[in-house]
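Engineer: I have a structure here, written as structure tokens, and I will follow up with some questions on it.
The values are calculated or read from the model by the stated rules, or taken from the named source; none is laboratory data. Only a predicted model underlies this, so the values are computations on that prediction, with no experimental measurement involved. Don't worry about glycine lacking a Cβ; one is built from the backbone with ideal geometry, like all the others, and counts go over all protein chains shown.
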Amino acid sequence: MLSILRKAQLKDKEMRVLMLGLDNAGKTTIVKHIMKEDVNTVSPTLGFIIKTIDYKGYKLNIWDVGGQKTLRSYWRNYFEKTDSLIWVVDATDRFRLEDCATELHGLLQEERLLGASLLVFVNKTDVAGCMTHDEIREGLKLDEIKTHKWTILPCSAMTGKNLQEGLDWVVEDAQERLFLY
């Protein structure tokens, strides 16, 4: 409730977007594509990167945090004041889908993320043999999520497919939940 009041008082329509997922899911590539940067030279994020974009009258502060197993225990340092969580899934990584689900559901139990909405970006859907929308939805047990408003979108960080649609959903959700004008 306090975050709603805080947002209603802001002159700048500013949002904190936390982008998480397992390593090699494509988080940084998605951010680079959104920022219109070169997506052909991406290296693993060994900490975090913050990018700010003006999008449809909103200032989105996107926190891209590394997903290596050794960094995941530090994720909780980035939860404060998160308005929207973007969870990125590698649609080609069948082997780690269960780990991906476990990490996601663990995050959703965190008290500081309770007010955040959830966008699941299923990345690499342009790669032959990737998992289907239903496989991902079932594997991540998304239908069990009752604590957060969520949606799932297939995307491609390389081509940009559905990245704008995802940001549209994040902004529309914020308009409904956070900004009162």
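Engineer: Here is a list of conditions, (1) part of a strand (DSSP E or B); (2) polar (S, T, N, Q); (3) surrounded by 19 or more Cβ atoms within 10 Å (Cβ to Cβ), and Thr151 meets all of them except one; can you say which number that is?
Structural biologist: The failed condition is (3).
Engineer: Take the residues in segment 164-181 that are closer than 11 Å to Leu119 by Cα, touching a Ser or Thr at 6+ places or on another chain (Cβ under 8 Å) and not acidic (Asp, Glu), then tell me which one is surrounded by the fewest Cβ atoms within 10 Å (Cβ to Cβ).
Structural biologist: Out of the qualifying residues, it is Trp169.
Engineer: Pairs, please: C-beta under 8 Å, at least 6 apart or cross-chain, first residue among the hydroxyl-bearing types (Ser, Thr, Tyr) and in segment 155-172, second surrounded by 16 or more Cβ atoms within 10 Å (Cβ to Cβ)?
Structural biologist: Here the result reads Ser156/Asn123; Ser156/Lys124; Ser156/Thr125; Ser156/Asn162, each pair linking segment 155-172 to a residue that is surrounded by 16 or more Cβ atoms within 10 Å (Cβ to Cβ).
Engineer: Identify the residue in segment 58-86 that is outside any strand (DSSP E or B) and in contact (Cβ under 8 Å) with a residue 60 or more places away in the chain and, among all such residues, is surrounded by the fewest Cβ atoms within 10 Å (Cβ to Cβ). Spell out how you get there, then give the answer.
Structural biologist: If we filter segment 58-86 for residues that are outside any strand (DSSP E or B), which is where we start, we get 66-83.
Narrowing further to those that are in contact (Cβ under 8 Å) with a residue 60 or more places away in the chain: 78-79, 81-83.
On the way: Tyr78: 19, Phe79: 19, Lys81: 14, Thr82: 21, Asp83: 22.
Only one residue fits best here, namely Lys81.
Engineer: Quick one: Leu46 ticks every box in (1) out of contact with any Gly (no Cβ under 6 Å at 6 or more places or on another chain); (2) among the aliphatic types (A, V, I, L, M); (3) not in a strand (DSSP E or B) except a single one, so which number is it?
Structural biologist: (1)
Engineer: May I pose another question? Considering only segment 56-77, state which residues are more than 24 Å from Ile136 (Cβ to Cβ) and either charged (D, E, K, R) or at pLDDT below 95 (or both).
Structural biologist: Lys56, Gly57, Tyr58, Lys59, Thr70, Ser73, Tyr74, Arg76, Asn77
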